[in-house]
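Accompanying notes for the structure given below.
Nothing in this text is a laboratory measurement; each read-out follows from the coordinates by a stated rule. Here the structure is a predicted model, which means the values were calculated and not measured. Using ideal geometry, Cβ is built from the backbone for each residue, glycine included, and neighbour counts are taken over all protein chains shown.
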Amino acid sequence: MSDPSQQIPQLPAVLVFPLRAMPLAPLSMSLTAISRSIARRHPGLFRRLGEYCHTRYVLDPTDLPFVIVLDPGGGAPRVALTRGRGDGTARIAGSLAALLGMVHGAYDGDALFFSRDLVIEGDTSAALALRNAIDDAELDLSQEIARLCGPMQGPLRRFVALLERQSGVSLTRAAEGTAW
Amino acid sequence: MELTVGPNQFFWSADAWTSFYQDLAAAPVDRIVLGELVCSKRLPFYQDRIPDAITTLLGAGKDVALTSLALVTLKRERKLAGELVGMGVEVEVNDLTALAHLPQGAPFSVGPLVNVYNEGTISWLAGRGATRICLPPELPLASVATLARAGADLGVIVEVWGHGRLPLAISGRCYHARMHGRTKDNCQFACEDDPDGLDVLTLEGQPFLAMNGVQTLSDSHACAAYQIDALRDAGVGALRLSPQSRGFDTICGLYRQLLDGDVDADHVTDAIGRIDPNTRLSDGFLTGARGVDWSGKAAHP
Amino acid sequence: MVMEIVCPAGTPASLRAAVTAGAHTVYCGFADETNARNFPGLNFDRAEMREGIAFAHDHGAKVLIAINTFPRAGDEALWHRAVADAESCGADAVILADLGLLDHAARHHSGLRRHLSVQAAAANADAVNFYADTFGVKRVVLPRVLSVQEIAAINAETDVETEVFVYGGLCVMAEGRCSLSSYATGLSPNMNGVCSPASHVEYHDDKGVLDARLGGYTIHRVQKGEPAPYPTLCKGCFSAGDKTGHLFEDPVSLNAEQLIPQLQKAGVTALKIEGRQRSRSYVAQVVRNFRAAVDALEAGLPMPEGMLARLSEGQAMTTGAYKKTWR
């Protein structure tokens, strides 16, 4: 059997390097705006979170120099990027490709966990609830991003496609099951 | 409240088995369920002793029943289930296969390994002829109370697991054999070396479970000593004591005294601790957050 | 007749993925303790169930609703309502385990097809026929403790359809008759629809050495780079006597793909895939594989090579009890 960790791409250092010095506040605001838009279009996602819809999650893309702190806010989510470990009830860590691939249905969360491409700490139950809720929402982050940009969506979509090709990171929803 | 002795769950030599039931004839218990519960391969070693034991116990004025196997898969095990009906004593059904062999309306009792969780199930079983039901050990006190009330309305005696290692799981696979690198068909009766089950520890050396052939038991001995009043108030009609190789006559005596109000629960648990200081007790299924929890003090004298 | 593939769906998205990938039948449950996969973020509310069933029916697939926990004393109405709602949502059958609930469904919903859940652990022809004769059960999901020969023997003595697990998580204990989980955590498959629940799992990663605890008991430790199994009690690592290891079962999952031809010869009607807790991508992938396998069998072609290893737990596979040496 091949080693799965070799199959899940890591972001190339050349893409990551500029992010080290980048100010995080503007990006946090954009991500909050995107997550609010997702919340409006996918209310079922927060219903599925159930008792965890106010649980603070730390999502740690291990190949990026920051973590994403997600507070679902009962349907009015806030996203904050921070350097360091971040503070939350549950922590889900893995390469950006693994995390996004899971959001987009390209990878199975359990399989990533079994192969240790994904590491869960803290409240395991909360982490599972988030995983299951996101899996059902069938999100496509590049479309969600593009939706916000109006006239810019053509160029942005082309940029996302270019980034996907360069990095191997799944930024759009997989056609069901094809990634395996 | 009555005392019932459940079927021995372990594999004992035929002589040890015989003397155990001879002793029980004099024990202060009301009812004895015997026969093989766990593994049909053990039965040939003591099967011929069963009729005499039944005669002795009946002669001593005990109520006697024969258990079915807990998991019936093989053809000869199905045949065995059918033969139980003709043995002349009540059958305790511990796998519904035995029920399929009982004539419609014939009285029978139901053991703790049949899933009786609610009033609908008790009511259906009563309609089919059940006169006594020992509830599954994992039920909390609230469910026990509801079911005892339902049982009373239907004329069914409700019994509760009172003492002994808890039967937690039954499998098609023999863990004793597996541990010795053997298959079940060629087990060479590895479970015979552990007359109370083999202790299973966690990676940190914490006692947790006990292995008994195809059965998995709790490490702790369940002990309902602190719940007697609550059980009696709930209308529970009998307490089940599960056989162990050491000090079982003492245990029968202790619970009898407890039920008669002659001693208190502290006295009972202290005395249990003197039989074997390594005994850990639990009553968490009845009253705790989880089965392993214990509401009393540590069982050391 | 081509063997029926029965697929899990923990969410509406998984249901659509399974149907689109070629599932003949999908099974799912309501989002409460009436079903044996009562996990956070999973399952269907009534409206989702109605829509899911409509979607499946539009695509020629069936939907079975699992109401396979044991109703709590004093609270049976929740389970009775689930059966009634399953019927009104248009379910093709309900999957039940409890005697009382089977009796209730047979008396009050006689037109609703009844299957016997694996949680009822009917492990021989007498038990199977008992459920059929008494409650009009049309199909029995057989427990995972039986060999192929024993399954064939059951089918030779009954007219009831049989369904067997072919892929996914593997119970080594007779299903519906195991209290290991409630002993250690207070929550059980029978009462709460969960086993070794995530709420009681703790992982501790110390420089790559990963400890997994359930209810405070350390039952797994893997070194850096080794696959990390979920700490399910019966697949934990323990010691007894002078032995330490996976005393009950290794952290493997079931894959009986290559046994499909034998299972067909043994008279099995339907092949069941475990995994309502898995993602839609998993479901689609596994369904596509098994659909290809039964289609190949029907066309007289050899079984396709399995490609499912990576999706499995601990990434090791077993054919389980189907081969007798497992015991």
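For a quick check, take a GNM of chain C with Cα springs below 10 Å and name the residue from C:ARG144, C:ARG114, C:ARG221 with the largest mean-square fluctuation. Fluctuation is largest for C:ARG221. Of C:LYS138, C:LYS62, C:LYS265, the residue with the greatest mean-square motion in the GNM of chain C, using alpha carbon springs below 10 Å, is C:LYS265. Taking the stretch B:2-17 and a reference point 7 angstrom along Cα→Cβ of B:THR250, no backbone N atom is nearer than 17 Å.
Semi-axes of the equivalent ellipsoid of chain C are 29, 24, 21 Å, computed as sqrt(5λ) over the eigenvalues of the C-alpha gyration tensor in descending order.
Across the stretch B:143-149, coupling constants 3J(HN,Hα) worked out from phi with the 6.51/-1.76/1.60 Karplus curve, θ = phi - 60°, read 5, 4, 4, 4, 6, 5, 4 Hz, and Gly and Pro carry x.
Computed extension gain for C:GLN149 through C:LYS324, at 0.36 nm per residue and net of the alpha carbon distance, reaches 62.1 nm. Note on C:17-26: average number of Cβ atoms from other chains within 10 Å of each residue's Cβ is 1. Using only the Cα atoms of the stretch C:83-233, each taken as one equal point scatterer with no solvent, compute I(q) by the Debye sum, divide by I(0), and report log10 of the ratio at q = 0.14, 0.17, 0.20 Å⁻¹. Here log10 of I(q) over I(0) equals -0.80, -0.99, -1.17. With a Förster radius of 41 Å applied to the beta-carbon distance between A:ARG173 and C:GLN262, the computed FRET efficiency rounds to 0.60. Between A:VAL16 and B:ARG182, the simple label model (points 7 Å from Cα in the Cβ direction) yields a spacing of 5.5 nm. Taken one residue at a time, the phi angles of the stretch B:159-164 give Karplus couplings (6.51, -1.76, 1.60, θ = phi - 60°) of 10, 10, 5, x, 8, x Hz. Gly and Pro are set to x. For chain C, DSSP calls about 35 percent of its internal beta bridges antiparallel. Antiparallel beta bridges, as assigned by DSSP with both residues in chain B, represent about 35 percent of the total such bridges. Over all pairs of different C-alpha atoms, the protein assembly as shown has a mean inverse distance whose reciprocal, the Kirkwood radius, equals 27.8 Å. Comparing C:GLN262, C:GLN149, C:GLN223 in a Gaussian network model of chain C (Cα springs below 10 Å), the most mobile by mean-square fluctuation is C:GLN223.
Shielding by partners for peptide A:117-128, expressed as the average number of C-beta atoms from other protein chains within 10 Å of each residue's C-beta, is 5.
Reported to the nearest whole Å, the Cα centre-to-centre distance from the stretch B:63-104 to the stretch C:248-268 is 30.
Distance between the 7 Å Cα→Cβ label points at B:ALA26 and B:LEU201: 3.9 nm. Of all beta bridges that DSSP places with both ends in the stretch A:4-167, some 70 percent have antiparallel geometry. Modelled this way, with points 7 Å down the Cα-to-C-beta line, the labels at B:ASP264 and A:SER37 are 7.1 nm from one another.
An oblate overall shape is assigned to the stretch C:180-245, the ratio a/c of its alpha-carbon gyration tensor axes (a ≥ b ≥ c) being 1.5 or greater and a/b not exceeding b/c. Overall shape: rounded for the stretch A:15-148, with the ratio a/c of the largest to smallest alpha carbon gyration tensor axis below 1.5. Placing R0 at 51 angstrom, the Cβ-Cβ distance between C:SER88 and C:GLU305 gives a FRET efficiency of 0.70 after rounding to 0.05. Using C-alpha pairs below 8 Å separated by at least 6 residues, the relative contact order for the stretch A:4-167 is 23 percent.
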